[in-house]
Amino acid sequence: MPHFDSWPWKLAIVLALVGMREFVRLLSPKEASTPSAQSAGETSRWLIETLDSAAIAIGLVLFIIQPFLLQAFYIPSGSMENTLQIKDRLLVSKLVYRLRPPHFQDVVVFRAPPEALRSSGSEDSNPGEETDYIKRCIGTPGDVVYAENRKYYHNGQLLDEPYVHWSQLNGNVSYSYDMKIVEGVVYSREYEAPGVPGVWRAQGIPIPEADQERINRAKPGPVPEGKFLMLGDHRNNSNDSHEWGFVPRANVVGKAVCVFWPPTRLGLLDRMSFHPRAADSPSLPATEPITQP
C-alpha cells in the first residue's frame, strides 16, 4: 500500500490539481460570442479559480503544515489507556521538538525503532514501511529510571502517575514487571502472578542464567545520551521501552497536544493526563490495580 505521507505522493497530488486546472483552461472557450459560450466561459473560470485555491491550500497543508507544524493522528490500540482511547483522533505538534527535546512525562509520537517492530511482530509484515508509535516519555538523557512491581522511580523519587492504568491479570497480560537500565541496556522481568517475578530479559530475549544474578544486584543506571525511555500509560498492555529499549532522538516526530475527535473526548493532553475525567479514570484495587493516521 503506498505511503501517502511521502514527498513523491504529496508532489503528485499537487501536480494532479495543476494538471486538471490546465486541462480545464485548454477546454474553455476562447471567445464568448453566444450566451451559452459566455456561460461555459464563466463556469470554466470558476473551475480554474477553485482548482487554483485547492492547489494552494493542499500545497500549504502537505508541504508546510503537516511536515513542520501540525499533523492529525489516529489511535488504533489501547496502549495509552486511559489517557487516550481507541479511535481517538489527536493533533500532534511537530514544531515543539524542533525547538527543544522531549520533556519528562510528555506524550510523544515517534517512529518505531526496528527493535519495537520486531517485538510486535510487524517488521516482517510491513518491510521498509515506517510505523508511528505514541507513548509517554518517562526517561530523558541522564535520568535514572527503574520499576519495581508497579512502582516507578525517577531520579530517586517514587513517581505519582495519575495517568497509569493496569489491566486485570489474564492470559494476555502479565501482572506487572521490574525494569532497570544497566550499562546502557534496558532489562525487564515480568510477573505472571503477584510476588512471582520471571527471568530478566533484554529486548525480549532471556539473558544467560549466569548473568541473572548480576542484573538482579546491579544498581540502576542512566538513560544514555541522545536516547529516551518511552512507556505506555496502560503499563501491562503496551509494547514499549521496557520490552525493546530506547528511542533515539532522531526518531521523535512530535508532541501530542490535544484530542479533537470524538467531540465528547475533546481536551488538552496535559490536562487529561493529570486531571483525568471520572469516566476515564482507572479502577485501582490494592492487588489488581494505551498511531497513526
* **Cβ crowding within 10 Å averaged over residues, with 265-275, 110-120, 210-220 ranked highest first** => 110-120, 265-275, 210-220
* **Protection-proxy order for peptides 194-205, 82-93, 233-244, each taking the mean of Cβ atoms within 10 Å per residue, highest first** => 233-244, 82-93, 194-205
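Add +1 for every Lys or Arg and -1 for every Asp or Glu among the other residues with Cβ under 14 Å from the Cβ of Val96, and state the total. Each step should come with its number before you reach the end.
Details: positive: Lys94, Arg98, Arg100, Arg249, Lys255; negative: Asp106, Asp270.
Net of charged neighbours comes to +3.
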* To do: Sort the following peptides by mean Cβ neighbour count (other Cβ atoms within 10 Å, averaged over residues), highest first: 94-101, 250-257, 131-138.
  => 131-138, 250-257, 94-101
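Ranking Ser188, Ser176 by Cβ neighbours within 10 Å, fewest first, what do you get?
Details: Ser188 21, Ser176 24.
Ascending number of Cβ neighbours within 10 Å: Ser188, Ser176.
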* For region 134-139, what does the Karplus curve 6.51 cos²θ - 1.76 cosθ + 1.60, with θ = phi - 60°, yield as ³J(HN,Hα) per residue in whole Hz, taken in order and with x for Gly and Pro? -> 10, 8, 9, 7, 10, x
* Quick one: Karplus J couplings for region 102-111, per residue in order, coefficients 6.51, -1.76, 1.60, θ = phi - 60°, nearest Hz, x for Gly and Pro? -> x, 9, 3, 6, 5, 8, 10, 9, 8, 6
* Structure fact -> Taking every other residue with Cβ under 15 Å from the Cβ of Tyr153 and scoring Lys and Arg +1, Asp and Glu -1, one gets 0
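Every number here is computed from the coordinates shown, using simple stated rules; none is lab data. In this text, all values refer to a predicted model and were calculated from it rather than measured experimentally. Please note: Cβ atoms are built from the backbone with ideal geometry, for glycine as well, and neighbour counts cover all protein chains shown.
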